[in-house]
Amino acid sequence: MPSLLEALERKYFAECEFENAHEPELHKRRDLPNDFTVTKCGGRMEFSIFIPRLSPLTSVPALLVLNDCDIDSAGDFESIREKCQRVRELDLAQNKLSDWSEVFSILEHMPRIEFLNLSKNQLASPISSLPTAPTINLKSLVLNGTYLDWACVDSLLRNLPVLQELHLSLNNYKQVLIDAEEAEQRLQETETPEETELRITKAHPALKTLHFTGNPVEHWQEICRLGRLFPNLEALVLADCPIRSLQAEENSDTHRYFPSLRLLNLSSAQLDSWTAIDQLAKFGQLRNLRVKHWPLWESLECTEHERRQLLIARLPNVEMLNGGGKISNDERVDSERAFVRYYMDKPEDERPARYEELQQIHGKLDPLVNVSLKPDKRVKVLFTYNDVSESRFVDIYLTVNDLKAKLEKLVGLSPNKMRLYYLDQDYKEFGPEEMRFPNKQLYSYNIQSGDEIIIDAKK
């Protein structure tokens, strides 16, 4: 298997060759410049100009990509230092590196490197005692799919004091087995058999961004350890982690471990209660939130637009929701007023605390159903099936099942083989929404003339 040096020499340091160097019957003329030759062709003399290939690089570019090259070692370190003096970003993903001393020696001999990707390398073995290296300026480290144990992660953090961004996704972590020193007394008081492997270490205040996607962690108390370990965390990505609650067992105010958190991705968590959203509202600096694909959303009989309004109203600090644009002041006001109307007819014990807060801001609102501006009974909707679109009037008091029955003749699909998707013309950027509730009436989707319903056949 090649070394890092051999792999980069193959990619960047090919020997300089001249085109046409081996063509026959080439004759030099002393009265012509060195880059001219003369070819005999019958009775004619033809002049050829030789254009050399580009000379080899003296050093590689600032971004060095050597992923999936079967690299298992570094090679000659002095040659690496000479050739890689400009390198700032190094991608070594999907190689065969296994020796951490080699990795740190590479960093030492690339003094400008700030980003390193070691994903899917065979680095699961413990880190042996590393010599105290000169200042390593590494700011971003990607360790996805390396399955490092937490003792190894701890050793790495100790040796990378200026690290700002860390990727630990897809490492099959069910627990976080390192915690900051402030947790030691609490641990002694509440220690359980599962916590006997927990390592107490120093916090790492330099780290600002942590990617933890796709790890099978379920309990928020594990995530709280990450908050204590990285007290200045600003971005935390927990997508595809099956977290079941945002309530830690030992402390109800779990947001206090994330005082600087501005971005949080909890998409595909296993959260099924509005209580989780109310917990997120306590994160004082949180501005950017992703909460797609929760079981909670599947249980609500409301449109995508209505759900977004309920979310915005409950999250006063959030400025960007589920990757959309920045929430405007008008959208927030509309959402808060819709939230008040949504809960005003519900029993008091079902109203969240946010209801009282918003009622004080917006006052007592009249229910929309009491306004004598009933929507048109029939609206003109664009129906699309495969590549064919047709505009038709539809009764908005039909149920989804009724509509499917009427569309059977139009598209030749039986209702039980048909899926319908509603696309609001004013919110196309959010994509179509499946009309999954058979007894829901069309007017509850706020359907208007010009909107679109997409018909799809079940697979």
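Per-peptide packing, taken as the mean over residues of other Cβ atoms within 10 Å, places 107-113, 407-413 in the sequence 107-113, 407-413 from highest down. Based on protein heavy atoms only, the stretch 385-449 ends up with 60 Å² per residue of surface accessible to a 1.4 Å probe.
For S245, the residues 5 or more places off, or on other chains, whose built amide H falls under 5 Å of its own are W220.
Checked against a 27 Å cut-off, the cross-linked pairs K377/K458; K292/K409; K282/K364; K11/K96 give Cα-Cα distances beyond that limit for K377/K458; K292/K409.
The stretch 304-322 and the stretch 60-118 have their alpha-carbon centroids 44 Å apart.
The values are calculated or read from the model by the stated rules, or taken from the named source; none is laboratory data. Please read all numbers here as calculations on a predicted model, not as lab measurements. No Cβ is skipped: glycine too gets one built from the backbone with ideal geometry, and neighbour counts run over all protein chains shown. The area values use the complete protein model at the heavy-atom level, side chains included, leaving out ligands, DNA and RNA. Shrake-Rupley method; radii C 1.70, N 1.55, O 1.52, S 1.80 Å.
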